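The values are calculated or read from the model by the stated rules, or taken from the named source; none is laboratory data. Computed from a predicted model, the values in this text were never measured in an experiment. FYI the Cβ positions are ideal-geometry reconstructions off the backbone, even for glycines, and counts take in every protein chain you see.
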Amino acid sequence: MNDLPKLYFTMETYLFPMLEEELGELSAKMREFLRIVEVVRPSRFITGALRWCGLGRPMKDREKMLRAFFLKAVYDLPTTKVLIENLKTNPSLRRLCGWEYRGDVPSEATFSRAFKVFAEEKVPDAVHATIVKENYTEKLVGHASIDSTAIIGREKACRKNTPKIKFKKKRGRKSKAEIAALTEQELSETKTRRLELQPNRKLAENINDLAQGCDWGGKRDSKGKTSFWCGYKLHLSLGDGGVPLAALLSSASMHDSQAAIPLMQMASERATILYDLADSENLGHVPVIDPNPRRGDKVELAPARKIRYRERSTVERGNSDLKDNYGARHVRVKGHWKVLCHLMFGVIAIAVKQLFNMLE
């Protein structure tokens, strides 16, 4: 478990003054980046496929490139090319990442290969899970707010529906046996719906069952207007203080409800949650759901639950922060796992920032 108050005191008292003597005055972004590095400690995640096995040409230092991708998220840099340009022209940023000279900074192709490995090995997911577990081992999360946000992709929509084989229909009235068979088939299809299967399955099975391809989606805003985009949806579960507890990426066309249970399962493995601002009774949490007036007369929430429901705006602020300040509007990669990898660097940056904000 991280002793975050002690780490905060050590950085403010010793680390920042020492670096200011060598590099000059540290900006707010530099301090934020250094906090991420100290909390994450990237070296412990450089294992297995990320290390040189001793055969062939030695790889560039993956730990330094992992730091550089965190720097890219913190400074909201749109492309890797812009990141490299900043590293070469700004000695302070370059040295914070671990490179002494301009010529030490890897090429764009090397960064691209490293990013592909990070995405395949799901390194940012492991980093985020570790940070949440280390800082919430002996803590309770009062409210977990769940919501999704649109992520515009730079790729073509995948083909979701395969062409159906047409069979010749039998003429005449169906027999009782045929009607019974069709009814049984419809019932079996109903029972295999995703939402009915999710509560009885493990987290890995639920995640693998989610739609992950790039496609078209639509969402209605607070003014009643529906906007459409081609890409993905990022589903976030944020705890008290705006700390992201879990994150999932799905196709843009998938309904938010289908990601709710996997998100709750993922967050519950990392922290102890009391209230979910969604339907979660099957996990032992207390659900707080906004009544839907379209299904009859609207039933008002109890006064205590109405106050708790106001915490739902936490996740909306987190989504906007990710888009405005941490690279969610600059998705330049293609493929589900690469897009998720890009977004997770921003999610980790927000998690560390909010953890330190709660100490100030």
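Scanning the stretch 249-269 for residues that are in a strand (DSSP E or B) and crowded, with 24+ Cβ neighbours inside 10 Å returns a single hit, SER250. Is at least one residue of the stretch 313-333 part of a helix (DSSP H, G or I), in contact with a Phe, Trp or Tyr (Cβ under 8 Å, 6 or more places away or on another chain) and either closer than 25 Å to ASP215 by Cβ or assigned by TED's automatic domain parsing to the domain that holds ARG31 (or both)? Among the residues of the stretch 313-333, not one is part of a helix (DSSP H, G or I), in contact with a Phe, Trp or Tyr (Cβ under 8 Å, 6 or more places away or on another chain) and either closer than 25 Å to ASP215 by Cβ or assigned by TED's automatic domain parsing to the domain that holds ARG31 (or both), which makes the answer no.
Count, please, the residues in the stretch 129-143 that happen to be under 19 Å from LEU343 (Cβ atoms) and crowded, with 20+ Cβ neighbours inside 10 Å. Talk me through it step by step, then tell me what you get.
The initial filter retains those residues of the stretch 129-143 that are under 19 Å from LEU343 (Cβ atoms), namely 129-132.
Narrowing the set further to residues that are crowded, with 20+ Cβ neighbours inside 10 Å leaves 131-132.
Number of matching residues: 2.
Let's see how each residue does on (1) modelled with pLDDT of 80 or more; (2) surrounded by 17 or more Cβ atoms within 10 Å (Cβ to Cβ); (3) assigned to a strand (DSSP E or B):
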{"position": "ILE151", "(1), (2), (3)": "yes, yes, yes"}
{"position": "ARG154", "(1), (2), (3)": "yes, no, no"}
{"position": "ALA157", "(1), (2), (3)": "yes, no, no"}
{"position": "LYS160", "(1), (2), (3)": "no, no, no"}
{"position": "LYS168", "(1), (2), (3)": "no, no, no"}
{"position": "ALA177", "(1), (2), (3)": "yes, no, no"}
{"position": "LEU182", "(1), (2), (3)": "no, no, no"}
{"position": "SER188", "(1), (2), (3)": "no, no, no"}
{"position": "ASN208", "(1), (2), (3)": "yes, no, no"}
